[in-house]
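Single-structure report; data block below.
The values are calculated or read from the model by the stated rules, or taken from the named source; none is laboratory data. Note that the structure is predicted; figures quoted are calculated from it, not measured. Virtual Cβ from ideal backbone geometry, glycine too; neighbours counted across all protein chains shown. What goes into the accessible areas is simple: the full protein's heavy atoms, side chains included, and nothing from ligands, DNA or RNA. Shrake-Rupley method; radii C 1.70, N 1.55, O 1.52, S 1.80 Å.
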Amino acid sequence: MRRAGGSPSSLDLLVSGRLYIGGSLVEAAVGVEDGKVVWVGKPSLAPPAEERIEAGDGVVVLPGMVDMHVHMRDLGESDKEDWFTGTLSALAGGVTFVADMPNNVPPMRSVEDLELKEAEAARKAVVDYGFYLGFPRDVGELARAAEFGVVGMKLYPRDLLEEALAAVLREAARLDLPVVVHAEDPLILRAAEAALTKDVVLHGKLRPPEAEAQAVRTLSYLAASLGFRLHVTHVSSLEALRAVAAAKAAAKVTADTAIHYLCLDEGAVGRLGGIAKVNPPLRSRRDVEALRLAIRSGLLDAVVTDHAPHRREEKLSEAYDAIPPGFPGLELCLPLLVTLIAEGALLLRALDLYSSAPARLLAVPKGEIAVGRDADLVLLNVRERWRVRGDELRSKAKYTPFEGFEVRGRVAKVFVRGTLAYDGGELLVEKGFGRRYSPARGEGGALG
Ligand code: DOR
Ligand code: ZN
């Protein structure tokens, strides 16, 4: 459908109902043309459309969710997850864009590494995606990766000990590349491991909040002196939140937490053992409450899943070191957020932290029902309550620390770039439908 004289004569698609716009639910309609939102307004004023969908009673229309921290695995770890199962999981969770972490086998330290990933993702993904570079093979690789179009660079605790750290961060500043950090001080971790028995019930003590807070302080000192954009990911503790608050006063710093830190405490490790092992660890109730408050008050800028699938056998290992940290989250994050909102623990606008806010941080045209953005829309049945079952997940990891939780909100339909990709549990697009996005730098999207 073409435009005549600058105004749309007939839209490809019009979706009307209760739409999530500007932090609230409003009776409105969204018009789509060529995969983009071209019109938003009152349903009664809507232009004609070839196809019309009305979200009925109990259904809300949300923007596609944006997850800036996931692990799709694949390559040497396709037994844990691949780009098809991981992105199908995203679709089932109402997530239409994922930013994938670089701790792969092999690790993503160069553009050549990223091209290996690209080859798999391009064949299999059913939602859109971006890539992070890991600690680069050499400083020069950063400029090449920026040219390739990575959404940022990711640093892990051990990278803080790299000799080239300052040079790499200075280069990230020059390139205006976001630096996403897993903040846990490697020396404090080493000291805690030397002092304690390695037992999964001691996981929270083996990786104490002080390690997290210290790494936030170190990185924010570096951010303030070198001028790079620091984003602290999966903040888990009150101590680290305090360090983030101080860092924000001194430099351009943003931070997120993962959904599990908002819902679960360390008791889950006692109940579930290795299944609930994650880095950083689940914390105390006090930390859960502090994180919820940090979302309500605006201290935190995003929510992520840190979707980190592993094989069940590994998660059930006896030996502490043999249990890999992490678990899947993509199918559950939106319902868990909706449940927290329904319970009054978070405000409705917390949904921005899993949509428009990370889209802006990564400078991708998603996460918002607004003219010019991709027409990524989620029809969510908010009346439906359902019980989480690990064996029903689309992820290859068929377990979850949320087993048995009753959640609200079921994803009914998902449009990606105006195409109905998922309907009532069924996948309607081909493998390889997903596209890679490079950040649109200097177009008003950047981190800040
Ligand atoms: O729990 C985690 N899992 N934390 C990490 O830092 C890595 C991730 C993974 O890749 O499994
Ligand atoms: Zn991660």
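Modelled with pLDDT under 95, over 27 Å from the mean Cα position of the chain (by Cα) and surrounded by fewer than 16 Cβ atoms within 10 Å (Cβ to Cβ): is that true of Gly56 in this structure?
It is true that Gly56 is modelled with pLDDT under 95, over 27 Å from the mean Cα position of the chain (by Cα) and surrounded by fewer than 16 Cβ atoms within 10 Å (Cβ to Cβ).
Residues in the stretch 287-339 that are among the acidic types (Asp, Glu), within 11 Å of ligand 1 (Cβ to nearest atom) and open to solvent by 20 Å² or more (accessible area, probe 1.4 Å): how many?
1
Given the criteria in a loop (DSSP other than H, G, I, E, B) and open to solvent by less than 50 Å² (accessible area, probe 1.4 Å), does Pro102 qualify?
yes
Those residues that are touching a helix residue (DSSP H, G or I) at 6+ places or on another chain (Cβ under 8 Å) and away from ligand 2 (no atom under 15 Å from the Cβ), I need them from the stretch 96-114; list them, please.
If the condition is that a residue be touching a helix residue (DSSP H, G or I) at 6+ places or on another chain (Cβ under 8 Å) and away from ligand 2 (no atom under 15 Å from the Cβ), then Thr96, Phe97, Pro106, Arg109, Ser110, Val111, Leu114 are the ones that fit.
Please state which one of Ala350, Ala363, Ala342, Ala357 is surrounded by fewer than 24 Cβ atoms within 10 Å (Cβ to Cβ), within 13 Å of the chain's Cα centre (by Cα) and in contact (Cβ under 8 Å) with a residue 24 or more places away in the chain.
Matching residue, one of Ala350, Ala363, Ala342, Ala357: Ala357.
When you go through Asp67, Asp79 one by one, which is the residue that is surrounded by fewer than 21 Cβ atoms within 10 Å (Cβ to Cβ), within 23 Å of the chain's Cα centre (by Cα) and at pLDDT 95 or above?
Asp79
Going by what's in this entry, would Glu184 be described as within 16 Å of ligand 2 (Cβ to nearest atom), touching a helix residue (DSSP H, G or I) at 6+ places or on another chain (Cβ under 8 Å) and among the acidic types (Asp, Glu)?
Yes.
Please specify each residue of the stretch 108-130 satisfying the condition of being farther than 30 Å from Ala412 by Cα, under 20 Å from the mean Cα position of the chain (by Cα) and open to solvent by 10 Å² or more (accessible area, probe 1.4 Å).
Hits for the stretch 108-130: nothing passes.
Determine, yes or no, whether Gly270 is out of contact with any helix residue (DSSP H, G or I) (no Cβ under 9 Å at 6 or more places or on another chain), more than 16 Å from ligand 1 (Cβ to nearest atom) and of a type outside the set (Asp, Glu).
No: the conditions fail for Gly270.
Can you name the condition, by its number, that Leu351 falls short on among (1) in contact with a Lys or Arg (Cβ under 8 Å, 6 or more places away or on another chain); (2) more than 16 Å from ligand 2 (Cβ to nearest atom); (3) hydrophobic (A, V, I, L, M, F, W, C)?
It is condition (1) that Leu351 fails.
Would you be able to tell me the number of residues in the stretch 159-189 that are within 20 Å of Ala251 (Cα to Cα), outside any helix (DSSP H, G or I) and open to solvent by 40 Å² or more (accessible area, probe 1.4 Å)?
Total meeting the criteria: 1.
Write out, first by first residue and then by second, each pair whose Cβ atoms fall under 6 Å of each other, whose residues are 6+ apart or on separate chains, and whose first residue, in the stretch 216-234, is modelled with pLDDT of 95 or more and away from ligand 2 (no atom under 16 Å from the Cβ) while the second is open to solvent by 20 Å² or more (accessible area, probe 1.4 Å) and among the basic types (Lys, Arg).
Cβ pairs passing all conditions: Leu226/Arg170; Arg229/Lys252.
Within the stretch 365-377, is even one residue β-branched (Val, Ile, Thr) and under 30 Å from Leu11 (Cα atoms)?
yes
Is there a residue in the stretch 426-443 that is open to solvent by 60 Å² or more (accessible area, probe 1.4 Å) and hydrophobic (A, V, I, L, M, F, W, C)?
Among the residues of the stretch 426-443, at least one is open to solvent by 60 Å² or more (accessible area, probe 1.4 Å) and hydrophobic (A, V, I, L, M, F, W, C), which makes the answer yes.
Within the stretch 147-158, is even one residue crowded, with 16+ Cβ neighbours inside 10 Å, assigned to a helix (DSSP H, G or I) and under 23 Å from the mean Cα position of the chain (by Cα)?
yes
Write out, first by first residue and then by second, each pair whose Cβ atoms fall under 7 Å of each other, whose residues are 6+ apart or on separate chains, and whose first residue, in the stretch 154-170, is basic (Lys, Arg) while the second is away from ligand 1 (no atom under 16 Å from the Cβ).
Final answer for the pair search is Arg170/Leu226.
Condition check ((1) within 19 Å of Asp376 (Cα to Cα); (2) within 11 Å of ligand 1 (Cβ to nearest atom); (3) of a type in the set (Asp, Glu)) across all residues:
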residue	(1), (2), (3)
Met65	yes, no, no
Asp74	no, no, yes
Phe84	yes, no, no
Ala92	yes, no, no
Val95	yes, no, no
Pro102	no, yes, no
Val105	no, yes, no
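Based on what the data block shows, is Leu206 open to solvent by less than 30 Å² (accessible area, probe 1.4 Å) and within 15 Å of ligand 1 (Cβ to nearest atom)?
It is true that Leu206 is open to solvent by less than 30 Å² (accessible area, probe 1.4 Å) and within 15 Å of ligand 1 (Cβ to nearest atom).
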